[in-house]
Amino acid sequence: MDNQFCKLTPLKGAAGSLALAGLCLIQAGCALSLLNASASGDTRAIHVLLQHGHDANEAFPMIGTRPLMVAAAHGQLDTMRALLAAGADVNVEDWTGWTALHAGALNGEPAIVALLLAHGAIPSPSRWYLRSPARIAETLGHTAVIQLLLDSEHPFENHRLLPENEQRGQ
């Protein structure tokens with residue numbers, strides 16, 4: 001453990017590791033209040049947190065989950081509007097490549113997807129480890145969401161949904 005934390009504390013070995021893990025949890029706690037308010041749709045709390053120094057793009061450490069992703073997954077349209085007005089990045093990805101548009105496609109609510117697209121969300125193509133928002137919507141039978149994605153100005157998957165084996169050229 002040759003880092004800045006070790007220089008600040010006499011704790012070594014397991015005790016130092018536990019202290020460092022505690023600091024990571026405290027750091028995660030900073031984003032947790034915003035993430036929790038986003039999930040529950042507590043737009044008033046979002047406004048208060050943002051006014052008191054929180055950032056609309058705060059991320060859960062190591063994973064990178066953002067409040068806009070959480071609000072989209074839970075169908076919290078008003079909360080999404082507040083986060084977008086505060087500068088939430090509509091195309092930011094977590095460490096897996098997941099975006100708010102993936103969460104909106106999973107949720108299946110056309111208004112969620114339409115709001116994200118109106119704010120510049122770019123539908124990403126499928127990757128070997130992550131399905132595209134359109135593929136997620138297709139799998140779950142969210143036909144209105146599929147149509148919104150197909151009608152968006154951003155091309156993806158040749159503007160049509162292909163069977164996965166055809167997509168890979170098989």
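Rule-based calculations on the coordinates, nothing more; no lab input. Since the structure is predicted, the reported quantities are computational estimates derived from the model, not experimental observations. FYI the Cβ positions are ideal-geometry reconstructions off the backbone, even for glycines, and counts take in every protein chain you see.
List, in order, the whole-Hz ³J(HN,Hα) value for each residue of region 132-146 obtained from phi through the Karplus relation with A = 6.51, B = -1.76, C = 1.60 and θ = phi - 60°; use x for Gly and Pro.
Coupling constants for region 132-146: 5, x, 5, 5, 4, 4, 5, 4, 8, x, 8, 5, 5, 5, 4 Hz.
May I ask you to order 132-145, 99-112 by the average number of other C-beta atoms within 10 Å around their residues, highest value first?
Details: 132-145: 20.3, 99-112: 24.1.
By packing density, highest mean first, the sequence is 99-112, 132-145.
Gain in length, ASN36 to GLN51, computed as 0.36 nm per residue apart minus the alpha-carbon separation, to one decimal in nm?
Value of the extension gain: 3.7 nm.
Convert each backbone phi in region 80-94 into a coupling constant with the Karplus relation 6.51 cos²θ - 1.76 cosθ + 1.60 (shift: θ = phi - 60°), then list the ³J(HN,Hα) values in order as whole Hz, x for Gly and Pro.
4, 4, 5, 5, 5, 5, 8, x, 4, 7, 5, 10, 5, 10, 7
What percent do you get for the relative contact order of region 102-154 when only Cα pairs under 8 Å and 6+ apart count?
Rounded, it is 43 percent for region 102-154.
At 0.36 nm per residue, minus the direct Cα-Cα distance, what do ALA111 and THR139 gain on full extension? Give it in nm, one decimal, please.
8.2 nm
Using the Karplus equation 6.51 cos²θ - 1.76 cosθ + 1.60 (θ = phi - 60°), what ³J(HN,Hα) coupling, rounded to whole Hz, does each residue of region 33-50 give in order, writing x for Gly and Pro?
4, 5, 5, 5, 5, 5, 5, 8, x, 7, 5, 4, 5, 4, 4, 4, 4, 5
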